[in-house]
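*Asks:* Here you go, one structure.
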Amino acid sequence: MTVTETVSDLPTPTSQMRTYVFQPADSRPAGRRWPGLLFYTEIFQVTGPMRRLAVQFASQGFIVMVPEIYHEHEPAGTVLGYDDAGKNKGNAYKHETRLSSFDAGARAVIDALKKHPACSGRIGVVGFCIGGHLAFRAALNRDISAACCFYPTDLHSGTLGEGKNADSLARASEIRGEIMMIWGRQDPHIPDEGRRDIYEALRRSGIVFTWNEFNAEHAFMRDDGSRYNASLARECLGLAFDLFKRAL
């Protein structure tokens, strides 16, 4: 399916948030609308690998909006490098940004999707690394019908945001949509005990969730670098596509 890209600067309480919109080309039958997806990137923002993943989701028949998560700290259009300097900046920003700012960004994209003329109003969220955690938090909104969280960092420790005291996992019972969790067993950022803590919290919360672990490293979905696992990436994309097509 052919995909088009546009850019929208969404207002938030702290700053304009550059947001990239990927959607199926307008060859749909009259009156047909597409479900919406809020897509969260890694700490490096909208890099080439993240952009290509967003296009893959859009090509399955979704309107995909990808916000720059560090719009408070960097000029619009900034992409952090996959190097020590970029990693250090991204990790610093995730602890300098208030949870309320992350939550307001989610709300802004959800509202923009609901107002989009080609969106059906059914909305899901997907994210990678810090984006997996932000996708989990976004799922606390009742407008979210499904979420796919790829190796979400800081979820077990609650160390996202200013003060490093995120309540994301403690609020799991507020989630009303279906959640899919995808992990790499060799991921040092979310060790075995961290994953166990998350699983038990989700089980106790009573929400509907699926749990998938693979023999892979952190960021195995990123098609840039030695950790990329093309076979697993293809399998996991299929899981995510199936979730969203069923739930949305």
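The values are calculated or read from the model by the stated rules, or taken from the named source; none is laboratory data. Treat the numbers as computed from the prediction; the structure is a model and nothing was measured. In this analysis, Cβ positions are derived from the backbone assuming ideal geometry, glycine residues included, and neighbour counts consider all displayed protein chains.
*Asks:* Go through segment 204-226 and give me each residue that's part of a helix (DSSP H, G or I) and touching a Phe, Trp or Tyr at 6+ places or on another chain (Cβ under 9 Å).
*Replies:* None; the set is empty.
*Asks:* Of the conditions (1) more than 21 Å from T41 (Cα to Cα); (2) surrounded by fewer than 21 Cβ atoms within 10 Å (Cβ to Cβ), A172 fails just one. Which one is it?
*Replies:* Every condition holds for A172 apart from (2).
*Asks:* Report yes if V109 is in contact with a Cys (Cβ under 9 Å, 6 or more places away or on another chain), at pLDDT 95 or above and not hydroxyl-bearing (S, T, Y), otherwise no. If you could, list the steps in order and put the result at the bottom.
*Replies:* Working: in contact with a Cys (Cβ under 9 Å, 6 or more places away or on another chain): no; at pLDDT 95 or above: yes; not hydroxyl-bearing (S, T, Y): yes.
Answer is no for this residue.
*Asks:* Given (1) touching a strand residue (DSSP E or B) at 6+ places or on another chain (Cβ under 6 Å); (2) within 27 Å of G90 (Cα to Cα); (3) among the aromatic types (F, W, Y); (4) surrounded by fewer than 20 Cβ atoms within 10 Å (Cβ to Cβ), where does W211 come up short, assuming only one miss?
*Replies:* Of the numbered conditions (1) touching a strand residue (DSSP E or B) at 6+ places or on another chain (Cβ under 6 Å); (2) within 27 Å of G90 (Cα to Cα); (3) among the aromatic types (F, W, Y); (4) surrounded by fewer than 20 Cβ atoms within 10 Å (Cβ to Cβ), the odd one out for W211 is (2).
*Asks:* Suppose we filter R142, R107, R185, R122 for residues that are touching a residue at least 40 places away in the same chain (Cβ under 8 Å) and more than 13 Å from the chain's Cα centre (by Cα); which single one remains?
*Replies:* R122
*Asks:* What number of residues within segment 216-237 satisfy the criterion of being of a type in the set (D, E, K, R) and in contact with a Pro (Cβ under 9 Å, 6 or more places away or on another chain)?
*Replies:* Adding up the residues that qualify gives 4.
*Asks:* Quick check on this structure: which one of A216, A135, A170, A147 is over 24 Å from E235 (Cα atoms) and at pLDDT 95 or above?
*Replies:* Sole residue among the options that is over 24 Å from E235 (Cα atoms) and at pLDDT 95 or above: A170.
*Asks:* Determine which member of the set I110, I130, I123, I63 is among the aliphatic types (A, V, I, L, M), over 28 Å from A170 (Cβ atoms) and crowded, with 16+ Cβ neighbours inside 10 Å.
*Replies:* I63
*Asks:* I'm told D187 meets every condition in (1) in contact with a Lys or Arg (Cβ under 9 Å, 6 or more places away or on another chain); (2) surrounded by fewer than 21 Cβ atoms within 10 Å (Cβ to Cβ); (3) among the acidic types (D, E) except one. Can you identify the failing condition by its number?
*Replies:* (2)
*Asks:* T159: surrounded by 13 or more Cβ atoms within 10 Å (Cβ to Cβ), closer than 18 Å to R137 by Cβ and out of contact with any helix residue (DSSP H, G or I) (no Cβ under 7 Å at 6 or more places or on another chain), yes or no?
*Replies:* yes
*Asks:* Any residue in segment 227-240 that's outside any helix (DSSP H, G or I): show its pairings with residues that are among the aromatic types (F, W, Y) at Cβ separation under 6 Å, as long as the two are six or more apart or on different chains.
*Replies:* R227/F220; N229/F220
*Asks:* Out of P49, P75, P35, report the one residue that is free of Cβ contacts under 8 Å to residues at least 12 places away in the same chain and either part of a loop (DSSP other than H, G, I, E, B) or surrounded by 17 or more Cβ atoms within 10 Å (Cβ to Cβ) (or both).
*Replies:* On the way: P49 fails: free of Cβ contacts under 8 Å to residues at least 12 places away in the same chain; P35 fails: free of Cβ contacts under 8 Å to residues at least 12 places away in the same chain.
Going through P49, P75, P35 in turn, just one is free of Cβ contacts under 8 Å to residues at least 12 places away in the same chain and either part of a loop (DSSP other than H, G, I, E, B) or surrounded by 17 or more Cβ atoms within 10 Å (Cβ to Cβ) (or both): P75.
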